[in-house]
Amino acid sequence: MAMSHQKATSTAPDHGDVRIRAASLSDLAAVVEVDAADTGIAKPAYWKSRFEWYVGRRPDRFFLVAERQQEMLGFIVGEVRAWEFGSPPSGWIFAIGVSPEARLHGLGTMLFDAICVRFRKAGVSEVRTMLAKDDRLIMSFFRSLGMMAGPFIQLEKRLEP
Amino acid sequence: MRVQVATRLALFAVFQLAADPRRQLASAEIASRFGISVNHLSKVLRILGRAGLVEALRGAGGGYRFKGNPRRVTLLDVIELFEPVGSGGAEGDQEGTTPEGRALHRVFEEIDDIARATLSSISLVTALKLVDEEQRPAPDRVAPVRARDPRSSRGTSIARR
């Protein structure tokens, strides 16, 4: 699944009174808005299906939001996956987004750290994600958090009509 | 990936200087840290100076100081001052004129793309975190992820896609 191309930048955390909590259905509109601000496309139906899949359903799926004074500022989504491509259970992050006004204050880092804590509690010791290799900003963000190339490589092929 | 000697010296010098942009270091200090020739390093520092990454400070106690933004300058920015990254294949191998050459070119280009994506996503700040990690005692270090042979996951069903 494609990573939401947020303009995340690693900076010194400035958490203030931000708190990270599990998302609830009432966050759907704000998540759609943050994602649309980033990607330029509002995808309410898509995010509704992701909420159904990730919110409150299973202990190994995580949809977290960062909020300050009831304002949703960012989100991160991931889950524990096991034995895909022969890999033992590991944490997968498939989307992260931070409101444009809230960037450069370490929120992306805070969300990443929070989901990693949950992955650890779920019993996994590795976290993975997949990125567009030409998206320097998001790639730099994850690298600044210590992520490096893992043991897998993505291959694809165009299907002939 | 192998880089030329001058490129390696430039990266070493930039790491030293960017670690504390307020500090100025004589080329002899940097050279002795890495056991390299002062003359060779001086040439490298001049190129870094012309690129605006370091500045030379004259007079007693003079030396060099980092001048760029270590959060923005990437390994690729430094390397490309000294050599191209991703030349698309070997020189003079008739690339583009024969099917064999074009096929090889596609493979080399894939490798080059990954190299460029990697180097352009690692800022000096991120690289310096790796340096710090290497300075820590081995048990504190984050273990590098090693390629795993899926066949070694005994007693599990391996889902492949």
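Counting only C-alpha contacts under 8 Å and six or more residues apart, can you give the relative contact order of segment A:19-144 as a whole percent?
Reported as a whole number, the value is 22 percent.
When the helix-only estimate is applied to chain A (DSSP H runs of n ≥ 4, each -39,500 (n - 2.57), divided by the residue count), what is the mean residue ellipticity at 222 nm, nearest 500 deg cm²/dmol?
After summing the helix terms and dividing by residue count, I get -9000 deg cm²/dmol.
Please rank B:105, A:105, fewest neighbouring Cβ atoms within 10 Å first, as an exposure proxy.
Fewest-to-most Cβ neighbours within 10 Å comes out as B:105, A:105.
Roughly how compact is the protein assembly as shown, stated as its Cα Rg over 2.2 N^0.38 Å to two decimals?
That works out to 1.16 for the protein assembly as shown.
Based on other C-beta atoms within 10 Å, arrange B:75, B:17 from fewest to most.
B:75, B:17
What ranking of A:160, B:134, B:55 emerges when the number of other C-beta atoms within 10 Å of each C-beta is taken as an exposure proxy, fewest first?
Ascending number of Cβ neighbours within 10 Å: A:160, B:134, B:55.
Using modelled backbone amide H atoms (1.01 Å from N, in-plane), which distant-in-sequence or interchain residues come within less than 5 Å of residue A:128's amide H?
Result for residue A:128 returns A:91, A:92, A:93.
Students often forget the sequence filter, so: which aspartates and glutamates lie under 16 Å Cα-Cα from residue A:133 once same-chain residues fewer than 8 apart are removed?
Output for residue A:133: A:156, B:109, B:110, B:112, B:113.
Calculate the all-directions average of the projected area of segment A:53-104's alpha-carbon convex hull, and give it in nm².
Answer in nm², one decimal: 4.8.
List the aspartates and glutamates whose Cα lies under 18 Å from the Cα of residue B:43, skipping any in the same chain that are fewer than 8 positions away.
B:29, B:55, B:77, B:80, B:83
Given a Förster distance of 22 angstrom, what is the FRET efficiency for residue A:37 paired with residue A:58, based on the Cβ-Cβ distance and rounded to 0.05?
Given R0 = 22 Å and the Cβ-Cβ separation, E is 0.15.
When you take every Cα atom in segment A:19-144, what is the radius of gyration, and what is Dmax, the widest Cα pair distance, in Å?
According to the Cα coordinates of segment A:19-144, Rg and Dmax are 14.1, 43 Å.
Each reported figure results from applying straightforward, stated rules to the coordinates on display, with no laboratory input. All values derive from a computational prediction rather than experimental measurement. So basically every Cβ, Gly included, is an ideal-geometry build from the backbone, and we count neighbours across all protein chains shown.
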